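The block underneath contains the structure these notes are about, expressed in structure tokens.
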Ligand SMILES: Nc1ncnc2c1ncn2[C@@H]1O[C@H](COP(=O)(O)OP(=O)(O)OP(=O)(O)O)[C@@H](O)[C@H]1O
Ligand SMILES: [Mg+2]
């Protein structure tokens with residue numbers, strides 16, 4: 001028998017308004033479950049990505065940087081800025097106990113005037129010692145960077161092979177990084193040789209706020225990983241006590257603000273999901289109860305014709321399954337259509353790291369959301385299905401002739 | 001096929017003066033034979049529908065057994081009893097029994113399509129033809145008159161050519177002319193070997209009957 005002639009299908013088609021409302025309701029249910037979970041997961045992925053992009057336990061910066069050039073804005077919010085400290089301080093930090101890995105980084109902000117193609121944060125690293133940026137670049141670009149090679153963040157409007165100019169120096173875009181969902185997506189990375197040349201050029205053009213520095217003798221910040229047997233707190237305290245005019249910061253603390261707001265948003269979304277889910281299940285429950293109740297007589301007639309009790313329950317469940325399956329497919333599709341193209345906007349609105357999980361995972365979430373909604377619908381219908389399977393056929397046939 | 005009722009009764013619970021229980025059908029023995037048309041008459045509330053529902057496997061008797069060729073009907077599991085009713089018992093219940101999401105022809109074909117079988121539309125159309133509602137085959141039940149719906153239910157009960165036919169006031173909404181058509185139809189089925197049991201208030205039904213019974217306050221008497 002053709003599906004379109006099956007009784008459950010005909011029953012649904014015979015009540016188009018009610019069926020549409022029920023489909024929309026399950027669509028809303030699955031949209032919330034899917035969209036909400038995807039949001040939470042994307043935020044978590046973003047935070048995780050930020051953690052691994054920072055890639056170090058400790059960041060040491062010149063003391064002024066924590067106030068003047070607001071460090072967090074640069075690292076977390078994608079603002080531009082730069083600061084320098086004497087090489088000697090790097091040596092002192094390196095002498096502290098418990099240092100596992102250590103590497104210096106160099107910051108420079110390009111200007112929006114004609115000397116530069118774009119105003120971005122430029123981060124230079126030392127290829128000899130670097131342990132935070134190189135592993136990441138390696139994923140998009142397997143080779144070593146040459147002088148005046150740069151690697152651009154995913155959100156920048158520059159592509160491999162392009163030439164971009166900073167302070168009058170032409171740089172070659174060697175690679176574009178994968179999306180991280182963090183402020184690093186709008187930064188440019190290069191080796192220390194290149195960034196020192198760029199800093200020198202900015203000084204020559206009198207466009208650097210620091211006038212009396214020698215690019216060869218300064219660093220912007222120092223990234224540190226603790227050696228085994230040492231706690232991060234110990235090292236941070238040690239540096240802050242023994243090295244003057246620097247501030248050692250635990251990266252975990254730096255992003256604690258972000259993880260706090262993330263936890264807050266996740267909670268709100270979770271509550272929203274729960275509320276919509278409970279409401280949805282209650283409404284579906286009522287809707288199925290009503291829909292089955294008003295057709296009691298028809299179900300009794302089916303018994304007369306020879307439908308078994310299980311068959312009656314089966315018809316109710318099939319109706320629920322058909323409604324909820326179409327509803328949840330519509331809902332999750334809607335979720336994909338809303339979140340995928342607009343995730344950039346969502347990211348900006350939330351001002352939090354936001355990174356969509358890999359497409360394989362997203363497909364997993366789609367399937368899970370459809371399953372959850374279909375299951376919720378079936379649970380809501382189960383009571384009605386059970387009750388209709390228990391009807392007293394003779395008694396119902398007596399009613400309202 | 002022989003339907004045999006052994007000492008069946010049906011008791012209902014109801015608030016009354018002395019007791020809160022009463023027998024809608026008193027202990028009754030009854031045999032419904034193939035090839036004969038049995039007519040049951042009696043006053044309203046005397047227990048006719050109750051008896052018919054017990055025969056149909058839709059109402060468990062308070063006591064006694066109903067045997068179908070020696071199998072106790074109510075000892076069968078629901079699935080088997082339902083399947084048996086679908087294949088072998090055509091029930092025309094009292095009142096309106098249309099499925100509103102299906103048209104007339106689809107309603108009539110339900111005994112087949114319910115189990116996913118071929119609809120047997122040609123057979124259904126032939127029945128609609130005999131009952132003079134063939135032009136309504138594509139109409140929806142909501143558009144039909146009471147008598148037309150009644151004939152639709154009759155056609156549906158006959159579609160699988162059941163050995164047992166249980167009709168509860170099949171002509172209550174019909175004019176004299178159509179009543180005649182329905183009774184000759186039932187008679188014809190009996191002559192072709194079916195066991196036909198008809199509850200009716202129609203006095204003319206006696207003409208068609210092989211046996212006539214009367215129900216009086218739950219007590220069955222042959223006339
Ligand atoms: N499920 C039930 N619960 C309680 N009382 C019932 C039930 N079914 C039937 N009765 C009662 O049993 C009696 C017999 O009912 P039944 O329907 O068999 O009468 P009937 O002879 O078919 O009447 P009518 O000619 O009006 O259709 C009636 O008094 C009725 O009220
Ligand atoms: Mg009756």
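Each Cα pair under 8 Å and six or more residues apart adds its separation to the average, and for the range B:68-223 the resulting relative contact order is 24 percent. In chain B, the calculated helix contribution to ellipticity at 222 nm averages -9500 deg cm²/dmol per residue, counting -39,500 (n - 2.57) for every DSSP H run with n ≥ 4. Measuring how big the protein assembly as shown is from its alpha-carbon positions, Rg and Dmax come out at 41.5, 128 Å. Annotation: peptides B:157-165, B:131-139, ranked by per-residue average of other Cβ atoms within 10 Å with the highest first, follow the order B:157-165, B:131-139. Across peptide A:388-399, the mean count of Cβ atoms from other chains lying within 10 Å of each residue's own Cβ comes to 4.
For the range B:160-223 versus the range A:265-308, the inter-centroid distance based on Cα atoms is 43 Å.
What average count of beta carbons from other chains do you get within 10 Å of the Cβ of residues in B:94-104? Show your work: numbers first, answer last.
Details: counts 3, 7, 5, 9, 3, 11, 7, 11, 6, 1, 0.
Partner-chain Cβ atoms within 10 Å, mean over residues of B:94-104: 6.
Rounded if a/c is under 1.5, else prolate if a/b beats b/c, else oblate: with a ≥ b ≥ c from the C-alpha gyration tensor eigenvalues square-rooted, which is the range A:53-251? Cα axes put the range A:53-251 in the prolate bin.
For chain B, the mean projected area of the C-alpha convex hull, equal to one quarter of the hull surface, is 12.7 nm². For the range B:103-119 and the range A:69-143, what is the centre-to-centre distance using only Cα atoms, to the nearest Å? So the separation of the two Cα centres works out to 77 Å. Counted over the protein assembly as shown, the DSSP beta bridges are approximately 60% antiparallel.
Principal-axis analysis of the Cα atoms of chain B puts helix B:121-130 at an angle of about 80° to the longest axis. Enclosing the Cα atoms of the range A:234-280 in their convex hull gives a volume equal to 60 cubic angstrom per residue. Here the range A:360-382 is scanned for amide nitrogen atoms under 19 Å from the site 7 Å beyond the Cα of residue A:279 along Cα-to-Cβ, giving A:373-374, A:376-377, A:380. Inter-part distance, the range B:32-83 to the range A:218-240, computed on C-alpha centroids, equals 91 Å.
Spacing of the modelled spin labels on residue A:344 and residue B:22, each 7 Å from Cα toward Cβ, amounts to 8.1 nm.
Helix A:359-389: angle to the longest alpha-carbon principal axis of chain A, degrees 0 to 90, nearest 10? Rounded to the nearest ten degrees, it is 20. For a quick check, take a GNM of chain A with Cα springs below 10 Å and name the residue from A:109, A:358, A:65 with the largest mean-square fluctuation. Maximum among the listed residues: A:358. With a/c under 1.5 counting as rounded, go ahead and sort the range A:24-118 into rounded, prolate or oblate using the C-alpha gyration tensor (a ≥ b ≥ c being the square roots of the eigenvalues; past the cut-off, prolate if a/b is larger than b/c, else oblate). Here the range A:24-118 falls in the oblate category. Among beta bridges from DSSP that stay inside the range A:107-212, the antiparallel ones total about 50%. Return the single residue from A:323, A:67, A:332 with maximal mean-square fluctuation; model: Gaussian network over chain A, springs between Cα atoms under 10 Å. Comparing A:323, A:67, A:332 in the GNM, the peak value goes to A:67. Available extension along the chain between residue B:216 and residue B:118 is 30.9 nm, counting 0.36 nm per residue and deducting the alpha carbon span. Relative to the longest principal axis of the C-alpha atoms of chain B, give the angle of the C-alpha long axis of helix B:176-191, reported between 0 and 90° and rounded to the nearest 10°. Here the helix axis deviates by roughly 70 degrees.
Of all DSSP beta bridges confined to the range B:3-222, the antiparallel ones make up roughly 50%. Between A:22, A:302, A:108, the GNM of chain A built on Cα springs shorter than 10 angstrom shows A:302 fluctuating the most. Of the peptides A:305-313, B:31-39, B:173-181, the ranking by mean beta-carbon count within 10 Å, highest at the top, reads A:305-313, B:31-39, B:173-181. Counts of other chain beta carbons within 10 angstrom of each beta carbon in peptide B:112-123 average 2.
Taking each DSSP H run with n ≥ 4 as -39500 (n - 2.57) and averaging over every residue of chain A yields -18500 deg cm²/dmol at 222 nm.
Values in this text are rule-based calculations from the coordinates and carry no lab data. A quick note: this is a predicted structure, and the numbers were derived from the prediction, not measured. Ideal geometry is used to build each Cβ from the backbone, glycine not excepted, and the neighbour counts take in all protein chains shown.
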